[in-house]
Structure formats: structure tokens, C-alpha cells
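Here is the structure we will look at, set down as C-alpha cells.
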There are 2 protein chains.
Amino acid sequence: MSLAIISPGRNPQIWIDALRKYDPEIKIQVYPEIQHPEEVEMALLWQHPRGYLKTFPNLKLISSLGAGVDHILSDPAVPDSMPIVRIVDEKLTWSMTNYVVMGVLNFHRQLTRYQKDQKRKVWDMTNPEIPVRVGVMGVGALGGDVLDKLNYMGFDVVGFGFSEKESFPYPYFSKKQLQEFLDNINVLVCLLPLTPDTEGILNKNLFEKCQKGTFLINVARGKHLVEEDLIPAIDEGYLSGALLDVYRVEPLPEEHPFWEESRIQLTPHIASVTNPTAAAPQIIENFKRMKSNQALINLVNRDRGY
Amino acid sequence: MSLAIISPGRNPQIWIDALRKYDPEIKIQVYPEIQHPEEVEMALLWQHPRGYLKTFPNLKLISSLGAGVDHILSDPAVPDSMPIVRIVDEKLTWSMTNYVVMGVLNFHRQLTRYQKDQKRKVWDMTNPEIPVRVGVMGVGALGGDVLDKLNYMGFDVVGFGFSEKESFPYPYFSKKQLQEFLDNINVLVCLLPLTPDTEGILNKNLFEKCQKGTFLINVARGKHLVEEDLIPAIDEGYLSGALLDVYRVEPLPEEHPFWEESRIQLTPHIASVTNPTAAAPQIIENFKRMKSNQALINLVNRDRGY
């Protein structure tokens, strides 16, 4: 019985090494060189080919190789009854928060203005800070940590989520209160899970509800953003700019207009990168639990979508 | 009896408005239009002309218009017995910490690398984080806040100061332990007060003790840095780069080599800017205390230099 790693276009060796460190005996097969599909009981997936799981007659468990599972749930070939687990890693949260705080501070302290001034040898001390109120869409483990860290640093923060909440440590707005949420903020951070409800939520209609000059940070999924709506929203002044880490198509195609738009800062999906060394123990643990029929850890709730 | 504002090259109106808001009756004279020097009992100074205070026969109190007083203590015309007060403002600390955290995060998450990659349309996900350990020189109100915030965010931090300390919440190194301090860090933040002991402390000799690739953030005073030693230290690899907010001569002269050095990021002394609205009440308070012979607030200890 074995594990299969199916993560096209990425080097699987770092995962193999990390898993073997915790279980030297474990049998691992790697896509596309899978010789014995009938032996595969657990599949570790990142952007697997649609439908490919049908190859495995004895598959019992799917694990995402990251925190997100949208790449798994969106494949109709994944049986409804198949348990799916994901990686929950404090280091993921830590990296994500650092990235978002960096984006907030660079906007607040106008880093790009000073970079331009340096190039032109301009010494301009006026109005060094843009006052900010930060709104975080998605208040789970990731969004909650961003709120806590920014609040500790002394920033005004508010949260937004799809569900109603009876109590929450910060001002909170639910789905029906989107306009009120946007009225309260000038930095908008998207950390929502990708579900049919949230896909395309960052669109023209939402941008036109923003306070003029709102700065967008999308670190969730590329599909949250209707990409063709972004540059027009900046041109019209609803947004002052954006920091993006995720895109509809990754790597971002060379002809994509975002590359050359100076008001959009891009990073190549590195806001939070799963650390195989940190993730291996929970994968091995779930492999053992699956074999001995015990309750799984970090099990995904399909209704919720994460 | 009146206040004098002596702050050449800056617009004093914002200070006048802030002071009048708290004491509408107060008499304010502004350099260089001081008609009645004999009436001046309190002088508010920022980069005043050396020796100028001799003009005021009845001067009883000097206040800095910021947190620093090196510009006052370095003027031999300031009588030894003259009390000097400075601005202590939480907002100053908040801004300073935000700036330093921004610098740390941009180094840790390699902002300039991703900016270059965007220009060249390069998608490179490898090694997105540089592990950092941050050392803060100067552990007073400002340095202490930087240590607290970075520690809360989950970063390893250590402090350095001239005095011995029996207890300190973070690893602490005193003057004699400079090498050990530098061995422990790869981001060096200077928040020391400027005193004869600390002037020029950021020099070739110190840089050569740094771990290769250390990133320098100087937000204290330009005179802490021996400016001609910086680019050679980067060329030799002791430093990987620097973020500077302060310079020996400000505004930074157009011919200065820092402007065109891409490994040095410059801002125009805006890391922490005194907010007149926040500072006015303590200036008025000290003016009243001086007139009624009460103990002053935020009095500078000249031996300590701050």
C-alpha cells in the first residue's frame, strides 16, 4: 500500500525527503511515474490533472499539499464520499500574516512614492503617512491572525465573513453588510476560501462600493478576482492600487496586462508556501489513521468548502 | 512674556495653530521675525542657527520640537544650566515602529527582488523568505517598542545598549558584547540616541564584524553612520543593503552617491514625524510649569544625552 504524490510541474523530492524522514519505510509513488496504481491508498495533490484519480481503484484518502482544497473540490471526478484533508501549519499562517502586514505598511508609509522620489532625487517630507483602516475578508485561522497582529500594532481593523457571528473581537460585518464594511476601510485584504459563493467576489460591482483610493491585497485565490475589472477600478479611482499574489492562470502569462501596470505589485504565489518539513508529520499521521480507521485530522468540511 | 519658534526652513504655521488651540492667548514669536527678544522665556527649537539663543536675555526653558535633542546639546551657546525638554509622543513611537517593521518585512520577504522580477516578467517561486534575526541598537522607548512588536509577530529579536542591564525581556548585549550581538543577527536597526559615544558607531569596523549579508536600517540620526563606509561594506558583502531615513546633511545633497545606489533605499527623514497636535499640550504644559516654577515634564538628562 502506498502514497502517491501528484503535483505536476513541481519538484517532488523535497516532499519525498520530508515524508521519509518521519517514516523511512513508507512507499511513495510519484506522478507521472506511477507503476502500481492499485497500491495507492492516499493521494497527495496539488493541481492534479482533472479526472486522474479514477486511476486508483483502492484510493481511501486525499490530502491537499497546502491549506487550500479548491483544486480538489472543483474536480467532479473526486467521489463525494472520499475524505479530504488539508495542511494546517502555523508557519503558513505566520508567512501569510507577514506578507499582508508588509503590504499594509508599504501602503500606509507610501513605499512606492519614496522609491519614485529616490529615482528623481526628490526630498519631499510632506504627509508621510496615509491613515489606514484595514478590512479583512475571511476571518478564519489566516484572517484572524492578520487581524490580531495588525490590532496589536495599533491599526484599526474590521472583519467580514459570509456567516453571522454573535461575538467577535473586532467590528464584524456579514454578507448583507458589505457596503457598511467597505465604508469603514481603505485597505481591503482578501483571505476568503474559494467557494462558489466567493468566486469572483472582487469585481467591478464591489470596487464601485469602495471608498475612493482603497488599496486591495489579494492573497487568497486568483479566482476571487475578476481580473479584467481591476485596472478599470484603479483608473476610475475606486482603488489606488493592488498587491496580488495569486492569479487566474499561474504562472501569470507573459502577455497579462498586470505585469506592466505600475500601480499593481505582483508576487508569484509566495505569500505563504507550505513547508514540507512542517507538513510531513500530519500527512504521515493521517496515513496511519486512515489505515487503522481512526478519526482524521484537518478534515475538510465539503459544505463549508475548507 | 512669549514663546519663540526657531525652526528655519519649515513652515511654522502648523505649530502656531496647534499651540493656539490649547492656549488661545499665548504670545508666539517666530524666527526670523522676532521683534521682542527680551520677552522670550521659552524657545522651541529645530535645527536653530548656532549661537542664536544669545539673543534672548530672559530665556528660561528650551524645548525641542521633536524627540531628539542632539541639535540643541551640540550648540555650545546653550548654557549648561538651561533646562531642556523634549517631545515624548506615543504617535512618534508608533510611526517609528511601523517604519522599522516595514523595513524588516521588506527584507525578509525580498520586496525588491519581486519588484525586479515583475519588471522582467519573471515568475520565480524559489526561496521566498530570508530567515531573519533582528538586532536593535538602543532599547529605550522607541527600540523597546520595535522589539515588542517584532517579538509579537513571531520574529527572533535581540537588543544592544551601552549600559549593563540586570534584566531585560529579550536577549541583551552591552557595549563590550558588540561582536556577540552582531553574530546573532542579520538585520541591524539603529535607534540609539546621538551622543559622543554613539556618533559614527555605524562604521567600517562595525560592518566588518557583521554576519555576511546583514541588512542595515538607520532611523536614528545621520551622524550615527560614517556614510563613506556604507557602499564599500555592501560591495564587500558584509551588508546586503540598507534602508536609511537620516543623513549627515539633510536634505540629502543632490550629488550624494546614496541617491543612485539601488541597494540603498532612502526616505527623507519621515520615519517618525512629530505631530504638532499631539505635541502642543506638553509644550503648553511645560510653559505653564516653567512660569509657576514647577517640575518640568520630559526633562532631558544632559549626562545621558536624551
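For the peptide A:245-254, the mean number of other protein chain Cβ atoms found within 10 angstrom of a residue's Cβ is 2.
The charge dipole of the protein assembly as shown, taken about its Cα centre with unit charges on the Cβ atoms of Lys, Arg (+1), Asp and Glu (-1) only, comes to about 400 debye.
Beta carbons within 10 angstrom, averaged per residue: use that to sort the peptides A:275-284, A:98-107, highest first.
Output ranking for A:275-284, A:98-107: A:98-107, A:275-284.
Treating the angle as unsigned and between 0 and 90°, give the value, to the nearest 10°, between the Cα long axis of helix A:141-152 and the longest Cα principal axis of chain A. Once rounded, the angle reads 40 degrees. For A:Ser74 and B:Arg50, a Förster radius of 56 Å and the Cβ-Cβ distance give a FRET efficiency of 0.20, rounded to the nearest 0.05. Between A:Ile28 and B:Ser81, the modelled labels are 8.0 nm apart [label points 7 Å from Cα along Cα→Cβ]. Which entries of B:Lys116/B:Lys176; A:Lys54/A:Lys223; B:Lys21/B:Lys291; A:Lys116/A:Lys223; A:Lys119/B:Lys204; A:Lys27/A:Lys54 show an alpha-carbon separation above 30 angstrom in the structure shown? The pairs that break the limit, which is 30 Å between Cα atoms, are B:Lys116/B:Lys176; A:Lys116/A:Lys223. Using only the alpha-carbon atoms, how far is helix B:276-291 inclined from the longest principal axis of chain B? Give it as 0 to 90 degrees, nearest 10. Computed tilt is about 40 degrees.
Summary of the geometry: the stretch A:20-71 and the stretch B:89-146, compared by the centres of their Cα atoms, lie 38 Å apart. Note on A:Lys149: lysines with a C-alpha under 26 Å away, same-chain residues under 8 apart excluded, are A:Lys91, A:Lys165, A:Lys175, A:Lys212, B:Lys91, B:Lys149. The ranking of A:Phe215, B:Phe155, A:Phe160 from fewest to most other beta carbons within 10 Å of each one's beta carbon is B:Phe155, A:Phe215, A:Phe160. Mean per-residue shielding of peptide B:116-129 is 6, counting Cβ atoms of other chains within 10 Å of each Cβ.
As a proxy for reagent exposure, B:Arg221, A:Arg50 were ordered by neighbouring Cβ count within 10 angstrom, fewest first; the result is A:Arg50, B:Arg221. Sorting B:Thr195, A:Thr274 by the number of Cβ atoms found within 10 Å of their own Cβ, with the fewest placed first, yields B:Thr195, A:Thr274. Taking a ≥ b ≥ c as the square roots of the eigenvalues of the Cα gyration tensor, an a/c ratio of 1.5 or more together with a/b no larger than b/c marks the stretch A:1-101 as oblate.
Just to confirm the numbers: B:Lys27, label point 7 angstrom along the Cα-Cβ line, distances to the other copies in nm, shortest first? Output for B:Lys27: 9.7 nm, nearest copy listed first.
Along the axis of the charge dipole computed for the protein assembly as shown (Cβ charges of +1 for Lys and Arg, -1 for Asp and Glu, origin at the Cα centre), the listed residues A:Thr267, A:Leu3, B:Asn293 are led at the positive end by B:Asn293.
Rounded to 0.05, the FRET efficiency of the B:Asn127 and B:Asp17 pair, given R0 = 60 Å and the Cβ-Cβ distance, is 0.75.
By how many nm would the segment from B:Thr277 to B:Tyr152 grow when fully extended, if each residue of separation counts as 0.36 nm and the alpha-carbon distance is taken off? Don't skip to the answer; put the middle values down first.
Values: separation 125, 0.36 × 125 = 45.00 nm, distance 2.96 nm.
Full-extension gain reported as 42.0 nm.
Working from label points 7 Å from Cα in the Cα-to-Cβ sense, the B:Ser262 to B:Glu39 distance is 5.8 nm. A Cβ-based charge dipole, computed about the Cα centre of the stretch B:1-141 with Lys and Arg at +1 and Asp and Glu at -1, lands at about 900 debye.
Most tightly packed first, judged by the mean number of other beta-carbon atoms within 10 Å of their residues, the peptides A:67-79, B:31-43 read A:67-79, B:31-43.
Between the beta carbons of A:Thr195 and B:Lys288, assuming R0 = 45 Å, the FRET efficiency works out to 0.15 to the nearest 0.05. Per-residue shielding of B:264-270, expressed as the average number of other chain Cβ atoms within 10 Å of the residue Cβ, stands at 6. Dipole size of the stretch B:113-239 about its Cα centre, with +1 on Lys/Arg Cβ and -1 on Asp/Glu Cβ: approximately 400 debye, rounded to the nearest 20.
The numbers here are math on the coordinates, done by the rules we state, and not lab data. Treat the numbers as computed from the prediction; the structure is a model and nothing was measured. Virtual Cβ from ideal backbone geometry, glycine too; neighbours counted across all protein chains shown.
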